[in-house]
Amino acid sequence: MDDPIDLRTPVSPDEVHARGAALRDATPPSSHDHDPVSDSRPAVLDYVEASNAGRLPHLVPLRIGKMMASPFSFFRGAAGLMAADLAGTPASGLSAQLCGDAHAANFGLFGTPDGQIVMDINDFDETVPGPWEWDLKRLAASLVLAGREGGVPEKQCLESAEDAVKSYRRTVRALAELPFMRSWNALPDASVVAKAKADELIDDFEKAAAKARKNTSAKIAAKRTEEYEDDATGRRWRRFSEDPPTRTRVDEATAEAVIGGLESYVDTLRESRRNLIARYSVSDVAFRVVGTGSVGRRCYIALLHGNGDEALVLQLKEACPSALEPFVETRPAEHEGRRIVHGTRLVQAETDILLGWTTIEGRPFIVRQFRNMKGDIDPTGLEGDHLDDYGRLAGALLARAHTRSIDPRLLAGYFAGDEDMDEAVGRYAARYADQTEADHAELVAAVKAGTVRAEEPPD
C-alpha cells in the first residue's frame, strides 16, 4: 500500500535538502566505486540458461546469436545479471521507479499527441521500484561498452560515463530549484540537447527526429502489408507480408485470441481513448520477433482498419516478471503488463495515448502503438565527442525520469556539490565493462564448443 499523503504539514526546501545530506554522510558518493561483481552472482552460462525459461524454444538460438554480436549486445540481454551484481552494494536508501534496464540504447525519440518529437527512456520491461543508483550505473557501464564497440578511445569512453553522472547531478539540482509543476511537466524536447550541453548531438537529434516523423502506421502498412481478397465476401483487405523469422503469420485460433485480448485491453485506457480505439476493426494479426532482451517472448502486431484508408498498427508484447524482482524489495505484480504500464506512465514525460495491458491465453501482455513516430540515435555509431554529449543527454533524461518518484530536493541534498560520484561511478563502469567483455567471451566460447546453440540474426 502507498504511504498516506499529508497535505497539512509544510516542509521547507532546506529541511528536505538536509535529509538528503544526511543520507550522503551515511553513504558517501565515493562508496559507489565498488567491486563490479557479487560473490553470489550466478555463473554466466547458468544465468543465460535461466533467462531463457519461458521463451519459445525455437527462438532461443536467435536470442543467443544476438547476445553474441558484441559485449554491448550481451549487456543488453543481461539486465538480471547486473542486478545480481548490484544487490547489496552501497545505496543512499532513496527508492525510485526504475527503468530497470537504462542502457544507452534504451533512450529514444517518439511523438507526443500534438506531433512534437521528444526523447526519453523507451523500454520499461524491467521497471520496478529500487535504488536510483542502479539505473545510473547501468547507463554509465553501457556508455563505456557502446564507445568501445564504436572504436572510441578508452579515455573518451570513461569521460562519457563520468559526464552522464555529472549531467544527472546537475539536472537534479536544476529541477530541485523549480516550482513543482514546472519540474513535473518539463518536456524532454529538442531544447534538452542544449540544456544538457550536448551541442555535438544537435545534428544527430534532428536527423533522428526527421526519421521519427516519417515512421508512422501508414508507412508500416505501405511497406509491410499486402492486399488480398476475402474468398467468402469478395472484399479486399490488407494483411502483413511474411519476413521469417522476424514476421510470420499466425493461425486462426491465435488471431482470435489476440483480437479478444485487444477487446479487453480497451478497458485499461482512459474513457476518451476507449471511444477512439472502438472505432477501428482488426484486419490482420502477425507474430513478430522483438529486441535482444525480449527475443523468444510472445509478441504480436495487429493491423487495424480506421477511417477510409487509415491504418493503425498496435504491438502486443508478452510481459514477464522483471529481471530485477528477485533483488529488490517489491511485491510480485498481480499483472506484469499492468506493472509495466504503471512504471511507464510514472516515469515518461509523455506516454503513448494507446498504452495499456491485457491477457491473452492466460499470459499478460502490454499493448502500444508500433513504431509510431519513433526513432533513435545509435550510441555504438557515435564518435568520441558525440558519445560524450550523448552521455550528458541520457544522464539528464534519467534524472528527470527519477524525479517523478523521488523529490529532487532530496537527491540534490545527497549530491551537495560533491563531484566524487562522477569519478567513482566512472571507474566502476569501466570495470563492469571489462567484466561484461569477459562474460561475453565465455558465451562465445561455449557456442564455439557446441555446448550452447546460436543462430545468426537476420540482416
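What do you reckon, is residue 358 over 25 Å from residue 85 (Cβ atoms) and buried (at least 22 other Cβ atoms within 10 Å of the Cβ)? Write out each step before concluding.
Working: over 25 Å from residue 85 (Cβ atoms): yes; buried (at least 22 other Cβ atoms within 10 Å of the Cβ): yes.
Answer is yes for this residue.
Looking at 346, 324, 304, just one residue is touching a residue at least 60 places away in the same chain (Cβ under 8 Å) and either of a type in the set (Asp, Glu) or touching a Phe, Trp or Tyr at 6+ places or on another chain (Cβ under 8 Å) (or both), and that residue is 324. The test for being surrounded by fewer than 23 Cβ atoms within 10 Å (Cβ to Cβ) and either among the basic types (Lys, Arg) or assigned to a helix (DSSP H, G or I) (or both) holds for residue 66.
Output yes when any residue across the range 166-178 is part of a helix (DSSP H, G or I) and out of contact with any helix residue (DSSP H, G or I) (no Cβ under 9 Å at 6 or more places or on another chain), and no when none is. Within the range 166-178, not a single residue is part of a helix (DSSP H, G or I) and out of contact with any helix residue (DSSP H, G or I) (no Cβ under 9 Å at 6 or more places or on another chain).
Scan the range 439-446 and give yes if some residue there is assigned by TED's automatic domain parsing to the domain that holds residue 72, under 20 Å from the mean Cα position of the chain (by Cα) and either among the hydroxyl-bearing types (Ser, Thr, Tyr) or within 29 Å of residue 151 (Cβ to Cβ) (or both), otherwise no. There is no residue in the range 439-446 that is assigned by TED's automatic domain parsing to the domain that holds residue 72, under 20 Å from the mean Cα position of the chain (by Cα) and either among the hydroxyl-bearing types (Ser, Thr, Tyr) or within 29 Å of residue 151 (Cβ to Cβ) (or both). Residue 313 meets all of the listed conditions (1) in contact (Cβ under 8 Å) with a residue 60 or more places away in the chain; (2) under 16 Å from the mean Cα position of the chain (by Cα); (3) buried (at least 21 other Cβ atoms within 10 Å of the Cβ); (4) closer than 23 Å to residue 110 by Cβ but one, namely (2).
Here is a yes/no grid of residues against (1) surrounded by 19 or more Cβ atoms within 10 Å (Cβ to Cβ); (2) at pLDDT 95 or above; (3) touching a strand residue (DSSP E or B) at 6+ places or on another chain (Cβ under 6 Å); (4) farther than 30 Å from residue 54 by Cβ:
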position: 364; (1), (2), (3), (4): yes, yes, no, no
position: 368; (1), (2), (3), (4): yes, yes, yes, no
position: 372; (1), (2), (3), (4): yes, no, no, no
position: 376; (1), (2), (3), (4): no, no, yes, no
position: 386; (1), (2), (3), (4): yes, no, no, yes
position: 390; (1), (2), (3), (4): yes, no, no, yes
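All conditions in (1) within 18 Å of residue 270 (Cα to Cα); (2) assigned to a loop (DSSP other than H, G, I, E, B); (3) small (Gly, Ala, Ser) hold for residue 343, with the sole exception of (2).
You will find that of 23, 7, the residue that is in a loop (DSSP other than H, G, I, E, B) and among the aliphatic types (A, V, I, L, M) is 7 and no other.
Taken over the range 332-354, the residue count meeting the criterion of being touching a Lys or Arg at 6+ places or on another chain (Cβ under 7 Å) and of a type in the set (D, E, K, R) is 1. Applying the criterion of being within 17 Å of residue 146 (Cβ to Cβ), of a type outside the set (Lys, Arg) and assigned to a helix (DSSP H, G or I) to the residues of the range 69-84, the residue that is nearest to the chain's Cα centre (by Cα) is 79.
Of the residues making up the range 29-57, those that are of a type outside the set (Ser, Thr, Tyr) and assigned to a helix (DSSP H, G or I) number 9.
The values are calculated or read from the model by the stated rules, or taken from the named source; none is laboratory data. On a predicted model such as this, the values are computed, not experimentally measured, just so you know. As a convention, Cβ positions derive from the backbone with ideal geometry for all residues, glycine included, and neighbour counts pool all protein chains shown.
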